[in-house]
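The values are calculated or read from the model by the stated rules, or taken from the named source; none is laboratory data. Small disclaimer: the values here were computed from a predicted structure and weren't measured. As a convention, Cβ positions derive from the backbone with ideal geometry for all residues, glycine included, and neighbour counts pool all protein chains shown. Each accessible area value is taken on the protein alone, full model and side chains, heavy atoms only, with ligands, DNA and RNA left out. Shrake-Rupley method; radii C 1.70, N 1.55, O 1.52, S 1.80 Å.
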Amino acid sequence: MRATRLYAPTLRETPAEAEVKSHQLMLRAGMIRKAAGGLYTYMPLAWRSLKKIMQIIREEMDAAGGQEIAMPIVQPSEIWKETGRWSVYGDEMFRVSDRHGREFCLGPTHEEMVTTLIRDEVRSYKQLPLMLYQIQNKYRDEIRPRFGLMRGREFIMKDLYSFDKDEEGMNESYKIMYDAYTRIFSRMGLEFRPVEADNGAIGGGHSHEFTVLAEAGESNIAYCTKCDYAASDEKAELTVIKATEEAMKELDKVSTPDAHTIELVAECLHLPLDKTIKAVAFQDDKDELILAFVRGDHDVNDVKVVNLFEDSIELHMATDESIIAAGGVPGFMSPIGLKEGTKVVVDATVMEMFNACAGANEKDKHYINVNPKRDFKDVIVADIRMIKEGDACPHCGAPVKMTRGIEAGQVFTLGTKYSQSLHATFLDENGKEKPLVMGCYGIGVSRTMAAAIEQNNDENGIIWPKAIAPFEVVIVPINAKNEDQLKIAEDIYEELKAKGVDVLLDDRKDRAGVKFKDADLIGYPLRITVGPKSVEEDSIELKIRRNGEMVNATKAEVAAKAVEMLENL
RNA sequence: CGGGGCAUGGCUCAGUUUGGUAGAGCACCUGGCUUGGGACCAGGGGGUCGCAGGUUCGAAUCCUGCUGCUCCGACCA
């Protein structure tokens, strides 16, 4: 490809609408343009990179036994009504109707579609296991699309669905996919971690998010410094911290005027935070009050609280009125002395505390010498705290570190949730009818590209990992009007093309500075510069984008040298 | 959903307070000059100032409504 023919309009300035690096750089590098909120056109550079990402995914999916299909994006409402998700999905779903008033949606995912596809055809265990996948646009009508391709309303996704005859088979499929995902992200040259994730309402089984590590990420993950444990902060389990044993003193009430936050209480009573008990009041969707208690220096993990209850509930912060109605006093709440029947959840670590301080359910008063094991009645004890840096790894006990990441892929087991509601059954070895056991596995293709940029950039622009770069090499003749330079550049270009290298020749008649700036911005992994020295001294420069390392080669050896350098990138 | 901000040429923005024939830089076209890190000189093209109403002799500017974009906000009692 020649730069004079390439449609990649670069921008010198950053468009005002772009907030995160990947969005800014993709706009500036001429990769994408916005059509409407959360909707983007992929221009040649972006599409080249996306095609490479998709190709890696295809190869690994096929190698793992997946078969590619293409299902409609427009889906009939009926199948969504069968599973109940037509109403559950809510405003997130793009809905359309045809001229007859029949309802459809633009697929946000394809569990319904794929399950109804196979339910009439797969009748026997002999046809299993089966893995079907597709790569196509998905639609979600996000409340607030933002961050460019990271959270768009239309995005490219690979989704694979596995069908097995039993749980054991499903777990095997899961393992195969987990390994395939590990290979995919490794091949793309990204720093990532498979983290244990919360799959809450979707159903039991396991789930891992493949998270690309980057500061701009939306998810917080905790990872162990010693073993390979990693989990999203919502999911991360925590071990109980035992306090040093003390003789239990008698419960006492003290005055703490205006100390309505835990910090003020600790200050007022000259206590360390880990000797205090903090309260958080939630209210579920039926307005029932749920009080949660954690140690003063800890935070409540509301996902864990939600998961304690059978029904899928939604939690909000409680209003003062409902706290008062339960016999509590906002700012001074305690598990002691609440109205009977009030739901109280206490973190397991709190139960191990001695002579701690908690609210007294009375204005400007706190209890001291609270001993939960002795003083708390009718409470639910569970792990409900949020992990933080330095906490012990649940697997090996070493301290964990926190980092941010971008969820690029997720694997999870579905079990029989969809096969049951959609009556997708088969006959097993004993002639018995059983629902298919499913798993589903997604990779956000366009988001992965954004994540790659988010993880690989500097002040000058993008630094592509070689495997997914739009071009592997750019050749820059300093002065394209100089025929000698251009000739050398053209020769190298042809030679590299013949060697199968993905190469761009920047034959534009612009000044060198312009071409260098663009090369850095677009982020080609390797740059070959042809200048006066190449003509006069047969010296051609090769420069690695990522670390700025430069070497010189003669014209005879430059192509081989380029290939060698690419191999080591 | 609540609250702010913005909308002027392809991009970044000024002009709006105080109404009087629309500007700059970058980008684009032509010519010249220049060529190892976003040059320079000269000339030129391009905007019904988001949309719809209203006030006025006159509206980018004032008023009303709408649309789009953008940021913030659920909270540790």
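Below, the figures for the structure above:
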quantity: Selection within region A:98-136 - touching a helix residue (DSSP H, G or I) at 6+ places or on another chain (Cβ under 9 Å) and surrounded by fewer than 13 Cβ atoms within 10 Å (Cβ to Cβ); calculated: A:102, A:121
quantity: Matching residues, region A:458-473, being within 11 Å of RNA strand B (Cβ to nearest atom) and either assigned to a loop (DSSP other than H, G, I, E, B) or among the acidic types (Asp, Glu) (or both); calculated: A:458, A:459, A:460
quantity: Enumeration of residues in region A:86-97 that are modelled with pLDDT under 80 and open to solvent by less than 60 Å² (accessible area, probe 1.4 Å); calculated: A:90
quantity: Tally of residues being surrounded by fewer than 18 Cβ atoms within 10 Å (Cβ to Cβ) and either in contact (Cβ under 8 Å) with a residue 40 or more places away in the chain or outside the structural domain of residue A:133 (by TED's automatic domain parsing) (or both) across region A:418-459; calculated: 9
quantity: Selection within region A:129-171 - within 16 Å of residue A:50 (Cα to Cα) and within 14 Å of RNA strand B (Cβ to nearest atom); calculated: A:148, A:149, A:150, A:152, A:154
quantity: Only one of A:72, A:9 that is open to solvent by less than 80 Å² (accessible area, probe 1.4 Å) and within 16 Å of RNA strand B (Cβ to nearest atom); calculated: A:9
quantity: Strands (runs of 3 or more DSSP E) wholly inside region A:474-569 containing at least 1 residues that are within 8 Å of RNA strand B (Cβ to nearest atom) and open to solvent by less than 70 Å² (accessible area, probe 1.4 Å); calculated: A:526-530, A:540-544
quantity: Condition check for residue A:467: of a type in the set (A, V, I, L, M, F, W, C), open to solvent by 20 Å² or more (accessible area, probe 1.4 Å) and closer than 17 Å to residue A:46 by Cβ; calculated: yes
quantity: Sole residue being of a type in the set (A, V, I, L, M), within 13 Å of RNA strand B (Cβ to nearest atom) and surrounded by 21 or more Cβ atoms within 10 Å (Cβ to Cβ), chosen from A:35, A:29; calculated: A:29
quantity: Unmet criterion (only one of (1) open to solvent by 10 Å² or more (accessible area, probe 1.4 Å); (2) farther than 30 Å from residue A:213 by Cα) for residue A:371; calculated: (1)
quantity: Any hit, region A:274-284, residues being within 11 Å of RNA strand B (Cβ to nearest atom), assigned by TED's automatic domain parsing to the domain that holds residue A:329, touching a Cys at 6+ places or on another chain (Cβ under 8 Å) and not charged (D, E, K, R); calculated: yes
quantity: Filter pass, residue A:509 being at pLDDT below 95 and not aliphatic (A, V, I, L, M); calculated: yes
quantity: Qualifying position, being more than 16 Å from the chain's Cα centre (by Cα), more than 16 Å from RNA strand B (Cβ to nearest atom) and not in a loop (DSSP other than H, G, I, E, B), among A:181, A:174; calculated: A:174
quantity: Those strands (runs of 3 or more DSSP E) lying entirely in region A:32-79 with at least 3 residues assigned by TED's automatic domain parsing to the domain that holds residue A:136; calculated: A:74-76
quantity: Leading residue by the ranking (modelled with the lowest pLDDT) among those in region A:276-319 that are open to solvent by 10 Å² or more (accessible area, probe 1.4 Å), part of a loop (DSSP other than H, G, I, E, B) and not charged (D, E, K, R); calculated: A:312
quantity: Members of region A:297-327 that are within 8 Å of RNA strand B (Cβ to nearest atom) and without any contact (Cβ under 8 Å) to a residue 60 or more places away in the chain; calculated: A:302, A:316, A:317, A:318, A:319, A:320, A:323
